[in-house]
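**Student:** My questions all concern the structure below.
The values are calculated or read from the model by the stated rules, or taken from the named source; none is laboratory data. The structure displayed is predicted, hence computed values, not measured ones. Here the Cβ positions follow ideal geometry from the backbone for every residue, glycine too, while neighbour counts run over all protein chains shown.
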Amino acid sequence: MNETDKQKPVILAVAFGTSYAENREKTIGAIERALAEAFPEFEVRRAFTSHIIRKVLKKRDGIIVDGVGEALERMANEGIKKVIVQPTHIMAGIEYEQAGDEMKAFEGRFGSLVLGENLLETMGDIEELIRVIDEDTKAFADGDTARVFMGHGSEHSDNSVYAKMQKAIDEAGIKDMIIGTVEAKPDLYDAVAMVKKTGAKRVLLSPLMIVAGDHANNDMAGGDEDSWKSVFEKEGYEVSCRLEGLGSSKGVQSMIVKHCRETMEEQDRK
């Protein structure tokens, strides 16, 4: 890297991360490429908020990915003056807050250091994501298939975004789209109950997560008796699994680029 490149402003694309190499580049990598294409005057760098994922990648694959604090320390030492920290998290949950907390230690070390918005910040974002996933799975909207989207879920208060999303789906008159989460409410059994009300014969399972990683491959599509696929099959449904993370969707990439642009414009007005 030459001296000119070192002084280039940076977009730090922050993801939870995944150890699934192929899906990582189809999702997180695709988002980073979309940001680089939209903002060629910026360098795009990567940070993962999951310490466990970073540890696995380093030990298993010899791949070193910075956490937010490590990435910022590196940039401060390089003399970079302007940084936009652009999260790719679904909601403003624990990981998003931790990124903001880590940034506080670097106040005064950059000319400009700002945190962008997560994917679902407003009702407009929720409505746009519904349009995107509806379009991305329209081939399955045949009247007999329930499209079930599996989110992560969180104990954080912002977990309410999933209920808001389901309410917006219902109000839009979309009968075959169901939202559930792995670790919170609405859960798998809430999703089963909602699917029963649709009268569907088949179920499409798709992750409502940036990557199709461990949760998608195991909790959703795995062969264990408590996986979402197995539970729906026990209920008598023919089940298909779509292992495509949201990050691979052009529509989702556009949403993240839009958030990043809005953050830049707001910062320029200050």
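**Student:** Among the residues of region 62-117, count how many are among the small types (Gly, Ala, Ser), over 21 Å from residue 157 (Cβ atoms) and touching a residue at least 60 places away in the same chain (Cβ under 8 Å).
**Tutor:** 2
**Student:** Identify all residues within region 8-29 that are farther than 19 Å from residue 90 by Cβ and part of a helix (DSSP H, G or I); write none if there are none.
**Tutor:** Matches in region 8-29: 21, 22, 25.
**Student:** Considering only region 97-114, state which residues are crowded, with 20+ Cβ neighbours inside 10 Å and under 16 Å from the mean Cα position of the chain (by Cα).
**Tutor:** 99 - this is the single residue of region 97-114 that is crowded, with 20+ Cβ neighbours inside 10 Å and under 16 Å from the mean Cα position of the chain (by Cα).
**Student:** Next question. Which count do you get for residues in region 144-153 that are in a loop (DSSP other than H, G, I, E, B) and modelled with pLDDT of 95 or more?
**Tutor:** So the answer is 1.
**Student:** Exactly one of these conditions fails for residue 78: (1) within 20 Å of the chain's Cα centre (by Cα); (2) over 12 Å from residue 11 (Cβ atoms). Give me its number.
**Tutor:** (1)
**Student:** When residue 45 is evaluated against the numbered criteria (1) farther than 19 Å from residue 264 by Cβ; (2) touching a residue at least 24 places away in the same chain (Cβ under 8 Å); (3) touching a helix residue (DSSP H, G or I) at 6+ places or on another chain (Cβ under 8 Å), which criterion, by number, is the only one it fails?
**Tutor:** Going through (1) farther than 19 Å from residue 264 by Cβ; (2) touching a residue at least 24 places away in the same chain (Cβ under 8 Å); (3) touching a helix residue (DSSP H, G or I) at 6+ places or on another chain (Cβ under 8 Å) one by one, residue 45 breaks only (1).
**Student:** Are any residues in region 71-96 among the acidic types (Asp, Glu) and touching a helix residue (DSSP H, G or I) at 6+ places or on another chain (Cβ under 9 Å), and if so, which ones?
**Tutor:** 78
**Student:** Checking the structure you have, find out if any residue of region 122-135 is more than 17 Å from the chain's Cα centre (by Cα), within 28 Å of residue 17 (Cβ to Cβ) and either of a type in the set (Val, Ile, Thr) or surrounded by 15 or more Cβ atoms within 10 Å (Cβ to Cβ) (or both).
**Tutor:** No, region 122-135 has no match at all.
**Student:** To continue, here is another question. Which strands (runs of 3 or more DSSP E) sit wholly inside region 30-142 and have at least 1 residues that are among the polar types (S, T, N, Q)?
**Tutor:** Because the criterion is at least 1 residues that are among the polar types (S, T, N, Q), the strands (runs of 3 or more DSSP E) in region 30-142 that meet it are 82-87, 112-115.
**Student:** In region 87-94, is there at least one residue being under 18 Å from the mean Cα position of the chain (by Cα), polar (S, T, N, Q), buried (at least 20 other Cβ atoms within 10 Å of the Cβ) and closer than 26 Å to residue 254 by Cα?
**Tutor:** yes
Results for (1) assigned by TED's automatic domain parsing to the domain that holds residue 27; (2) part of a loop (DSSP other than H, G, I, E, B); (3) within 24 Å of residue 52 (Cβ to Cβ); (4) β-branched (Val, Ile, Thr), shown as yes or no for each residue.
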{"position": "173", "(1), (2), (3), (4)": "no, yes, no, no"}
{"position": "189", "(1), (2), (3), (4)": "no, no, no, no"}
{"position": "218", "(1), (2), (3), (4)": "no, no, yes, no"}
{"position": "224", "(1), (2), (3), (4)": "no, yes, yes, no"}
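**Student:** Quick check on my filter: what residues within region 212-270 are surrounded by fewer than 19 Cβ atoms within 10 Å (Cβ to Cβ) and polar (S, T, N, Q)?
**Tutor:** Within region 212-270, 217, 218, 230, 240, 254, 263, 267 meet the criteria.
**Student:** Now a separate question. Here is a list: 227, 248. Which entry is hydroxyl-bearing (Ser, Thr, Tyr), under 18 Å from residue 87 (Cβ atoms) and at pLDDT 95 or above?
**Tutor:** 248
**Student:** Then there's this: Out of the residues in region 148-202 meeting the condition of being over 22 Å from residue 123 (Cβ atoms) and among the β-branched types (Val, Ile, Thr), tell me which one is surrounded by the most Cβ atoms within 10 Å (Cβ to Cβ).
**Tutor:** 148
**Student:** Further, regarding this structure: Among the residues of region 194-216, write down those that are over 17 Å from residue 183 (Cα atoms) and either assigned to a helix (DSSP H, G or I) or in contact with a Pro (Cβ under 8 Å, 6 or more places away or on another chain) (or both).
**Tutor:** 194, 195, 196, 197, 198
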